[in-house]
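The values are calculated or read from the model by the stated rules, or taken from the named source; none is laboratory data. Just so it is clear, the structure is predicted and the values come from calculations on it, not from any experiment. Note that we place each Cβ from the backbone using ideal geometry, even for glycine, and neighbour counts take in every protein chain shown.
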């Protein structure tokens, strides 16, 4: 997805925390003239075709749009952290164990990228773990049939007194994850303050919003977003989420009030 389109979805997301159905007129009176002078109409139409935006029916001549659930997830980077943290865990770990022959390094790296992108943790190079069911992996990795000499999918529980905390720290680098969330929190605290009264202030807020969005995505992309009961002590993800929501709501209100 083009960065300009992602930015529009992102703007709609944090502008609609209070204003759940922003009017097209509101957008064109303020934000379009500042950030989307050309192409907003076509962008909105394209997002509607992709079912990322939906138009409220029966509203006369006014055009009312809101993010669909798919659009909201796209703006969040593909996963809703609050939903992920709130999901239940049945106490079982799922493991993907593989043995890719020598000479097939590209295939091995593709498999690791896939597992990493799905939030799996790496216990060792060929043993990856998740608290979630492996329904999708069973189809994607095996095509419905497993060659146990090359790939094995397991459900397991610790048998030697290992705690969930032990496994979490062994599989994921939460020190690195927290470093990215700490960076995100720093960016949040630099949000420009005061009313947006001119183009310069609007541009400054927009530049900051781009930096904030990048810092957030960089943190979430390496975070498995584990169920709440498995989150390690000192984890900064939930703190960053709550702070982000508050800061972006305030920024969105100031931006909506800006009329160039």
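For (1) at pLDDT 90 or above; (2) surrounded by fewer than 15 Cβ atoms within 10 Å (Cβ to Cβ); (3) part of a loop (DSSP other than H, G, I, E, B), each residue gets a yes or a no:
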{"site": "123", "(1), (2), (3)": "yes, no, no"}
{"site": "139", "(1), (2), (3)": "no, yes, no"}
{"site": "144", "(1), (2), (3)": "no, yes, yes"}
{"site": "149", "(1), (2), (3)": "no, yes, yes"}
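Is it fair to say residue 207 is part of a helix (DSSP H, G or I), out of contact with any strand residue (DSSP E or B) (no Cβ under 6 Å at 6 or more places or on another chain) and surrounded by fewer than 14 Cβ atoms within 10 Å (Cβ to Cβ)? Criteria met by residue 207.
Under the condition of being outside any helix (DSSP H, G or I) and touching a helix residue (DSSP H, G or I) at 6+ places or on another chain (Cβ under 6 Å), the residues counted in the stretch 223-240 number 4.
I'd like to know if the stretch 182-199 contains one or more residues that are more than 20 Å from the chain's Cα centre (by Cα), part of a helix (DSSP H, G or I) and modelled with pLDDT under 90. Among the residues of the stretch 182-199, at least one is more than 20 Å from the chain's Cα centre (by Cα), part of a helix (DSSP H, G or I) and modelled with pLDDT under 90, which makes the answer yes.
Of everything in the stretch 162-176 that is in contact (Cβ under 8 Å) with a residue 60 or more places away in the chain and surrounded by 14 or more Cβ atoms within 10 Å (Cβ to Cβ), the residue that is farthest from residue 95 (Cα to Cα) is 174. Before we move on, is residue 179 in contact (Cβ under 8 Å) with a residue 40 or more places away in the chain and surrounded by fewer than 16 Cβ atoms within 10 Å (Cβ to Cβ)? Answer is no for this residue.
Within the stretch 188-207, residues that are on the phi > 0 side of the Ramachandran plot have Cβ atoms under 9 Å from residues that are part of a helix (DSSP H, G or I) and buried (at least 16 other Cβ atoms within 10 Å of the Cβ) in these pairs: 194/201; 194/254, counting only partners at least 6 apart in sequence or on another chain. Find the residue count for the stretch 79-107, including only residues that are over 21 Å from residue 138 (Cβ atoms) and assigned by TED's automatic domain parsing to the domain that holds residue 136. Counting residues in the stretch 79-107 that are over 21 Å from residue 138 (Cβ atoms) and assigned by TED's automatic domain parsing to the domain that holds residue 136 gives 6.
Just one residue in the set 95, 102 is modelled with pLDDT under 80 and under 30 Å from residue 152 (Cβ atoms); that residue is 102. Return yes when residue 93 is surrounded by 12 or more Cβ atoms within 10 Å (Cβ to Cβ) and in contact with a strand residue (DSSP E or B) (Cβ under 6 Å, 6 or more places away or on another chain) and no when it is not. Spelling it out, residue 93 is indeed surrounded by 12 or more Cβ atoms within 10 Å (Cβ to Cβ) and in contact with a strand residue (DSSP E or B) (Cβ under 6 Å, 6 or more places away or on another chain).
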